[in-house]
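A.B. asks: Here it is: the structure, laid out below.
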Amino acid sequence: MAKEQIVQIGSQKVKLSNLEKILFTEPDISKAEWIHYLYQINSYFLKYNSNRPLSLIRYPDGIGKEKFYTKNAPDWTPTYISKYKLGEQNYLTIQNPEDLIWIANLASLEIHITSLRLPYAQPDFIIFDLDPAENTSFQELKNLASNLKNYLEHLGYHPLLKTSGSKGLHIFVPIVPQWNTQEVITYTEEISKQFVADNFSLCTLRIRKDQRDGKILLDINRNHSSQTIIAPYSTRAIKNAPVSLPLHWSSLESLHSSQDYTIHNALKYIETYGDAWVNYKEKQMPLHNKKYVTENKAIDTKLNTYQEKRNFEITSEPEAKIEESQNNRFVIQLHNASNLHYDLRLEHEGVLWSWAIPKGLSLSEGIKRLAIRTEDHPTKYLEFEGIIPKEEYGGGQMWIIDFGKFEWIQNKSKSLQFKLLGNRIHGIFQMIEIEKDQWLIEMKSDFKPSIFDQQYKPMLAEQIANFQLNSAYTYEIKWDGIRVLIYIDHGEYKIISRNGRDITSQFPECKEICKWILVESAVLDAEIVCLDEKGKPIFANVISRLHSKSNLSYGEKLKKNPISIYAFDLLTIDQLELFNTPLYKRREWLTCIFQPNNTLRFSDSFEDGSQLLEAAKQLQLEGIMAKDLSSFYTQNSRSIAWNKIKIRQNTDCLILGFTYGQGDRSEYFGSLHIGQYEDDKLTYRGRVGTGFTQKRLAEIKLYLSKFSIGSKPVIQGEIEEEQNSVWLAEYPWIEIQYASMTGNGSFREPVFVGLLENIETLKL
């Protein structure tokens with residue numbers, strides 16, 4: 001293995017070094033194996049640890065050797081990795097798979113997080129670290145964890161469980177990031193004292209070991225801003241590479257040790273049971289004894305109009321109450337009412353100033369957008385997502401698409417200027433009132449480039465043998481076609497294949513695509529297919545469309561092999577990247593931003609994977625996809641969050657040539673060289689030499705005699721029996737059956753099924 005390797009991860013090239021070095025023992029685990037685990041788990045790791053200040057414990061020569069604590073970002077940190085100043089420390093933060101793998105290359109065997117998640121400077125969880133005494137049985141530890149769970153649920157929280165990866169158990173309590181660290185610590189001390197009093201025989205709050213009396217320490221000191229906790233899905237620097245793994249509470253009973261899960265079986269747990277911390281944000285609760293909302297005052301006149309327009313016995317929207325105000329928060333919501341639009345809300349003097357923006361905020365220079373001033377809303381609307389009943393004012397679904405803090409630069413009656421500091425939007429905006437309630441909004445700094453200047457990469461899926469269908473996943477048809485990303489921006493579009501090739505011109509029937517999209521810009525993840533009369537995808541036909549060099553008119557092409565585009569994911573919407581947005585939200589937004597038609601369709605998903613799999617078998621489809629609804633979109637990365645479940649091992653491929661026959665095949669041929677298109681490149685798949693009767697050999701020999709002899713094609717892959725071969729100038733199609741794929745990309749145990757004489761041959 002090379003000392004150094006340069007690998008493409010996401011949008012960056014990352015240098016990996018010393019991959020053969022052993023980092024863990026019993027058994028020996030190399031740096032390459034450990035990084036592979038992090039790469040596989042990256043979508044889950046980032047879901048809970050992105051945008052958090054990190055501290056690292058590095059073991060360049062493996063466990064048991066010298067270690068280094070890293071809080072400050074190293075001087076050689078790449079510019080694409082963000083940093084966050086907290087006190088005297090300049091912490092690393094990560095957002096993407098390439099960030100995580102760069103940190104991994106430092107041999108950061110333990111990655112620790114703070115309770116802050118940017119852009120907020122307030123904690124978004126409370127941590128309880130259950131630290132056992134030397135004589136504590138693991139059953140006692142589990143009993144205490146169950147007691148604490150019940151206590152916290154009684155207070156109205158949604159506690160989450162994970163192993164520490166060492167000896168203890170961790171309980172995370174998601175909270176609204178509304179209170180500063182000291183307020184959270186004071187509150188945590190209050191509720192912990194009551195819990196310890198109720199469980200005095202099991203636990204203590206005393207830090208010093210000589211004062212614990214053999215009890216379990218309920219460690220709440222990890223909530224201090226200077227403290228960290230081992231990150232979910234991080235390894236611990238212990239033999240066998242144990243993982244601090246989020247668990248379903250139902251798994252606690254069968255847990256034997258906090259080191260039960262390692263890099264060898266942690267992925268299997270997720271595949272089997274799904275993400276244990278799914279819908280983390282929805283589980284965030286306010287501190288139960290804090291005045292999140294002030295006492296019920298009479299409705300302020302500012303909210304009269306809001307009150308008059310709503311029936312609160314019908315709608316789930318927040319009631320018209322004046323609340324405690326920080327005067328520095330904002331939210332942008334996508335509102336699928338009678339017309340799809342965005343709502344901008346700025347917190348000011350106990351209410352939210354609100355505007356409806358039909359085309360959304362432009363993040364480009366010099367583009368002004370109309371913003372219509374609406375009634376003031378209560379500040380509780382900062383958190384509102386849900387469905388407003390159709391008969392109600394503003395009826396339709398509403399989602400939060402960005403939120404954060406803002407800073408006033410100018411606040412005049414008809415002229416506003418402010419800086420948004422959100423998860424997705426950073427920059428200065430100016431608003432001018434042009435007539436009553438009619439404003440123009442324009443970005444004045446930190447412009448984003450056009451999406452046509454971006455080179456996004458599609459997320460990839462794992463193919464897992466014996467995948468266990470379960471309710472943690474949603475299921476879709478695996479379309480047998482051409483994977484594409486479709487870019488739409490201000491009336492223009494382009495279609496990019498999986499390997500980055502622009503194939504827009506090959507599909508002229510998409511010329512109306514911009515008219516079907518209801519937002520100004522978007523990037524869709526989709527599959528282009530050609531369907532037969534039963535709705536079954538025919539891969540050979542769509543490949544023929546892609547590589548057709550004929551002069552057929554648009555009408556003739558459309559009639560011969562019409563295409564359908566099945567959109568199944570959304571990467572961006574109006575210049576906002578959605579990679580760190582859960583899949584279920586990305587798909588909800590996808591359904592409301594375009595109008596389905598015969599060409600552009602939505603790829604439906606289903607809860608019952610077993611029924612969909614059986615239906616796919618009946619229709620003789622290639623397979624289905626299983627996707628974790630809470631998963632993030634990781635570009636150019638394989639993830640167990642997306643899984644391919646293959647049904648059959650039949651496929652169509654091209655005859656590239658044949659080998660000379662011997663013995664009883666001497667007058668026919670020995671075997672057929674076969675190939676397929678992968679990422680738009682012709683790839684060698686080996687030879688098929690079985691499945692032929694004597695009669696079939698003669699028929700195929702006669703069939704091949706119709707084609708001209710050509711030269712060896714430019715193909716990827718090692719050619720077998722190259723010196724004993726004849727190559728064709730045109731490539732006819734056949735169907736084969738095979739057992740699996742070999743490591744070099746050839747078919748294992750291929751068997752000839754039949755000629756596909758009704759499909760147009762390819763000539764390159």
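A.B. asks: Would a scan of the range 667-682 turn up a residue that is in a loop (DSSP other than H, G, I, E, B), in contact with a strand residue (DSSP E or B) (Cβ under 8 Å, 6 or more places away or on another chain) and more than 18 Å from GLN723 (Cβ to Cβ)?
C.D. replies: Yes: the range 667-682 contains one or more residues that are in a loop (DSSP other than H, G, I, E, B), in contact with a strand residue (DSSP E or B) (Cβ under 8 Å, 6 or more places away or on another chain) and more than 18 Å from GLN723 (Cβ to Cβ).
A.B. asks: Still on this structure: Go through the range 22-52 and report how many residues are under 23 Å from ALA461 (Cβ atoms), in contact (Cβ under 8 Å) with a residue 60 or more places away in the chain and in a helix (DSSP H, G or I).
C.D. replies: 16
A.B. asks: Which of the residues spanning the range 250-270 are outside any loop (DSSP other than H, G, I, E, B) and among the hydrophobic types (A, V, I, L, M, F, W, C)?
C.D. replies: ALA266, LEU267, ILE270
A.B. asks: Six or more apart or on different chains, Cβ atoms under 6 Å: show the pairs whose first residue is in the range 617-640 and charged (D, E, K, R) and whose second is surrounded by fewer than 22 Cβ atoms within 10 Å (Cβ to Cβ).
C.D. replies: LYS617/ILE647; GLU622/LYS478; GLU622/ASP480; LYS627/THR474; ARG638/LEU460; ARG638/GLU462
A.B. asks: Taking CYS510, is it crowded, with 19+ Cβ neighbours inside 10 Å and without any contact (Cβ under 8 Å) to a residue 60 or more places away in the chain?
C.D. replies: no
A.B. asks: Within the range 699-717, is even one residue under 26 Å from ASN561 (Cα atoms) and without any contact (Cβ under 8 Å) to a residue 40 or more places away in the chain?
C.D. replies: yes
A.B. asks: Which count do you get for residues in the range 420-438 that are touching a residue at least 24 places away in the same chain (Cβ under 8 Å), out of contact with any Gly (no Cβ under 7 Å at 6 or more places or on another chain) and either basic (Lys, Arg) or under 18 Å from PHE330 (Cα atoms) (or both)?
C.D. replies: Final tally of qualifying residues: 5.
A.B. asks: Could you run through the range 119-143 and say how many residues are aliphatic (A, V, I, L, M), assigned to a loop (DSSP other than H, G, I, E, B) and in contact with a Gly (Cβ under 9 Å, 6 or more places away or on another chain)?
C.D. replies: Summing the residues that are aliphatic (A, V, I, L, M), assigned to a loop (DSSP other than H, G, I, E, B) and in contact with a Gly (Cβ under 9 Å, 6 or more places away or on another chain) in the range 119-143 gives 1.
A.B. asks: Next question. Would you check which residues across the range 637-657 are modelled with pLDDT of 85 or more, touching a Gly at 6+ places or on another chain (Cβ under 9 Å) and closer than 30 Å to ASN49 by Cβ and list them?
C.D. replies: Answer for the range 637-657, where residues must be modelled with pLDDT of 85 or more, touching a Gly at 6+ places or on another chain (Cβ under 9 Å) and closer than 30 Å to ASN49 by Cβ: LYS644, ILE645.
A.B. asks: One residue is enough: does the range 8-21 have a residue meeting the conditions of a type in the set (Ser, Thr, Tyr), under 22 Å from THR228 (Cβ atoms) and in a loop (DSSP other than H, G, I, E, B)?
C.D. replies: no
A.B. asks: Right, here's the next one. More than 27 Å from LEU169 (Cα to Cα) and buried (at least 16 other Cβ atoms within 10 Å of the Cβ): which single residue out of TYR84, TYR91, TYR80 fits that description?
C.D. replies: From the options TYR84, TYR91, TYR80, the qualifying one is TYR84.
A.B. asks: Residue by residue through the range 718-758, note down the ones that are assigned to a strand (DSSP E or B) and among the acidic types (Asp, Glu).
C.D. replies: GLU735
A.B. asks: Do we have GLU433 as farther than 30 Å from ASP628 by Cα and either touching a Pro at 6+ places or on another chain (Cβ under 9 Å) or charged (D, E, K, R) (or both) here? Before you say what the answer is, go through the steps one by one.
C.D. replies: Numbers: farther than 30 Å from ASP628 by Cα: yes; either touching a Pro at 6+ places or on another chain (Cβ under 9 Å) or charged (D, E, K, R) (or both): yes.
So GLU433 fits the description; yes.
A.B. asks: Which members of the range 336-374 meet the condition of being assigned to a strand (DSSP E or B) and of a type in the set (Asp, Glu)? Please lay out each step first, then the result.
C.D. replies: Filtering the range 336-374 down to residues assigned to a strand (DSSP E or B) leaves 336, 340-348, 351-357, 368-373.
Selection gives ASP343, GLU347.
A.B. asks: Give the residue, chosen from SER415, SER445, that is under 16 Å from TRP355 (Cβ atoms) and surrounded by fewer than 16 Cβ atoms within 10 Å (Cβ to Cβ).
C.D. replies: Just one listed residue meets the conditions, SER415.
A.B. asks: Something else now. When only residues in the range 385-407 that are under 22 Å from the mean Cα position of the chain (by Cα) and of a type in the set (A, V, I, L, M, F, W, C) count, which is surrounded by the most Cβ atoms within 10 Å (Cβ to Cβ)?
C.D. replies: Checking each candidate, the answer is ILE401.
A.B. asks: Being touching a residue at least 40 places away in the same chain (Cβ under 8 Å), within 17 Å of LEU205 (Cα to Cα) and of a type in the set (S, T, N, Q) is the filter here, so list the residues in the range 144-192 that pass it.
C.D. replies: Once the filter is applied, which keeps residues that are touching a residue at least 40 places away in the same chain (Cβ under 8 Å), within 17 Å of LEU205 (Cα to Cα) and of a type in the set (S, T, N, Q), the range 144-192 yields ASN147, THR188, SER192.
A.B. asks: Tell me the residue from GLN139, GLN194, GLN178 that is of a type outside the set (A, V, I, L, M) and closer than 30 Å to ASN328 by Cβ, please.
C.D. replies: Numbers: GLN139 fails: closer than 30 Å to ASN328 by Cβ; GLN194 fails: closer than 30 Å to ASN328 by Cβ.
Testing whether each residue is of a type outside the set (A, V, I, L, M) and closer than 30 Å to ASN328 by Cβ leaves just GLN178.
The values are calculated or read from the model by the stated rules, or taken from the named source; none is laboratory data. Worth saying up front: this structure is predicted, and the values here are computed from it rather than measured. Positions of Cβ are generated from backbone atoms using ideal geometry, with glycine treated the same way; all protein chains shown enter the neighbour counts.
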